[in-house]
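First up is the structure itself, then whatever we jot down about it.
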Amino acid sequence: MLLYLFEIRDTNFKGSGRVLSKRLYYEEPYLQEFKGKILEKIKIDGKPALILDNTCFYPTSGGQPNDLGYIQGVLIVDVIEDNEKIIHVLKEGIEEECGETVTGKIDWKRRFDHMQQHSGQHILSAAFEKLWNADTVSFYLGDEICTLDIMKDNITSEEVKKVEILSNNTVLENKSIKVYFVDQERANELNLRKIPPQKEDIRIVE
């Protein structure tokens, strides 16, 4: 079972003619610690927040909760995607000012759990589609449970069991997950459920 997932995002976010932030987690998903330069210090609901020139903190997006961790030893309480910016909300302020370099470290146990659960969701979704032509309409990833909403009437326990068997067999194949960027012409050649509107920098997870 071959699964393609696309995301219409670039690793670099551009605004006002300059790069605002680079998303390191797209290029190095196993990166746990990084250094970044402070571009802006702002407030979010009264809490101090930072925008860095690069980050490996994943914001809440696509059904996956945000990363947690620390910047300069201060707890990150939220990570927000705001158009072209990734905003790191802190429990308390830090002394470093704009232009200075800080060190960030993610909560790897939380991130790795999210990676496993999210990959598992796509395997399950692909199995439902392959066996019963049933699309996934939504996905929730929580601390204790994950849920899928499947567009299929009167699903039986036997059908679910077949999905479980196919999904487990896919996991046991121990296939590598490949991540790469393509243009729209190449994307049209892949087995995508829908064709993305973006012309280039389409991120494929295979």
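Taken together, the values in this text are just the output of simple stated rules run on the coordinates, not laboratory data. Just so we're clear, the structure is a prediction, and the values are computed from it rather than from any experiment. As a convention, Cβ positions derive from the backbone with ideal geometry for all residues, glycine included, and neighbour counts pool all protein chains shown.
Derived scalar couplings between HN and Hα for the stretch 75-84 equal 5, 8, 9, 6, 10, 10, 9, 10, 6, 8 Hz in order, rounded to whole Hz, by the Karplus curve 6.51 cos²θ - 1.76 cosθ + 1.60 (θ = phi - 60°), x for Gly and Pro. In the chain, inverting the average of 1/r over every pair of distinct C-alpha atoms gives 18.8 Å as the Kirkwood radius.
Here the chain is treated with +1 on each Lys and Arg Cβ and -1 on each Asp and Glu Cβ, and its dipole about the Cα centre works out to around 220 debye. Across the stretch 68-202, the relative contact order, built from alpha-carbon pairs under 8 Å that are at least six residues apart, equals 14 percent. Estimated purely from DSSP H runs of n ≥ 4, each contributing -39500 (n - 2.57), the mean residue ellipticity at 222 nm for the chain is -8000 deg cm²/dmol once divided by its residues.
Relative contact order for the stretch 7-106 using alpha-carbon pairs under 8 Å, separation at least 6, rounded to a whole percent? Contact order relative to length: 30 percent. For the stretch 111-205, the Kirkwood hydrodynamic radius comes to 15.1 Å, computed from all pairs of different C-alpha atoms.
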